Structures are given as C-alpha cells and as structure tokens.
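Undergrad: One structure coming up, written as structure tokens, with questions to follow.
A short reminder: the numbers here are calculations on the coordinates, not readings from a lab. Source: prediction; values computed, not measured. Quick reminder, even Gly has a Cβ in these numbers, built from the backbone with ideal geometry, and neighbours come from all protein chains shown.
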Amino acid sequence: MADLLKSTRLLEVSSHLQLAASSLRSLAQGRSPDRLGQDSLKWAGHFLPQVDWNSKVQPTPGIGGGLAVQATATRPTFYSALIRIAPDFQRAGMTSQKAVFDFLDALYRVLNSGGNSAKSLPSEKLNLGAELLHTLSQTLVAELSNNGLPRQPVRLTTGAMANAF
C-alpha cells in the first residue's frame, strides 16, 4: 500500500508541475493564466522551495506534512532535472551555481505570486523555468512507469518451498 500512496503523491506532484509549466509558458507569451493555472503556480511556489535545499525562499507556514513527504520523495528527481537542463542554463548565460540559484529564487517568487510578479523575469527565463518544471514532471512520470522497463515479478513463498526457488 505504501507504494500506491507514494505513486499517487508523485503523480499529483507531476500534474501540478505540468500545469504550472504550461502557465509559465503562457506568462512568457504575455498571457495571464486562468484561475487553475494561478493555483498551480502558487502550489509549485510553495512546494519547490521545500524540495530545493539551496533555496533562500522560505516555505509558507502552514503547509501540511503531506507536502513535506512529497518534497522528500521528489528531491532526487529535482536535482536530476537540474542537471538534465544544465546546457539550457549555460545557453541563457548562467554559468555559475550562484547564477542558477539566483534564477531559481526569482522563479519561486514568480510562482508564489501566482504569476503576478512575472514581469520580474524576462520571457526567456520564464520559458526556462517552464522547461525545468516540465522536465521534472516528465521524469516523475517516467519513474512511476519504471522507465518503461518490465518489473521483476514478485514471488511469495513460505516454508520448504522457499528453498526450491
């Protein structure tokens, strides 16, 4: 049952992040996201600073314990996604860790505002933030599907039969 609960939580995270990525792309094109998009941006803005150990943005008080569990489960995938899009950071002129951390903090602030402070980031950086969220979302879904690989069947045996296998 624990695997099902973990899978459900990761799917929820993936869905919120994908909607937030779409909303960031809309902001980059000068369009305001709808109410659901704003809510997903805010959700991501509360969630990602808990995932990112280097964030200077403080998580909003009152966030439930379930979100902390989701953040812990997502953390390795988050850092993997950052590494995966590192070339995009370099193309955007972010060649140091500090530059990436500063970008992430600015992104979290835009997310926390529901997109209201989107003018603080140029459209290229909003698109880069959308790419990060999209990559993170896709990687979480790939983990849920075992990366498309077949799963090893589980065999439960007891007693003398256990030695036969």
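Undergrad: Along Cα→Cβ, 7 Å out, is where each label goes; now give me the distance between the ones at ASP3 and LEU82 in nm to one decimal.
TA: 3.0 nm
Undergrad: ³J(HN,Hα) across the stretch 102-108 via Karplus (A = 6.51, B = -1.76, C = 1.60, θ = phi - 60°), whole Hz, x for Gly/Pro?
TA: Using θ = phi - 60°, the values come out as 5, 4, 4, 4, 5, 4, 4 Hz.
Undergrad: Follow-up question, since we're still on this one. For the stretch 2-147, what number of Lys pairs, 8 or more residues apart or on separate chains, have alpha-carbon atoms under 26 Å from each other?
TA: Summing the qualifying lysine pairs gives 10.
Undergrad: Another question, if that's okay. For the stretch 50-55, what does the Karplus curve 6.51 cos²θ - 1.76 cosθ + 1.60, with θ = phi - 60°, yield as ³J(HN,Hα) per residue in whole Hz, taken in order and with x for Gly and Pro?
TA: Here the 3J(HN,Hα) series is 6, 6, 8, 5, 8, 5 Hz.
Undergrad: Could you calculate the contour length gain from ARG35 to SER145, that is, 0.36 nm times the residue separation minus the distance between their Cα atoms, to one decimal place in nm?
TA: In short, 36.6 nm is gained.
Undergrad: Could you work out how far apart the two model spin labels at GLN58 and ASN116 are, taking each label as a point 7 Å from the Cα in the direction of the beta carbon, and quote it in nm?
TA: So the two model labels end up 1.9 nm from each other.
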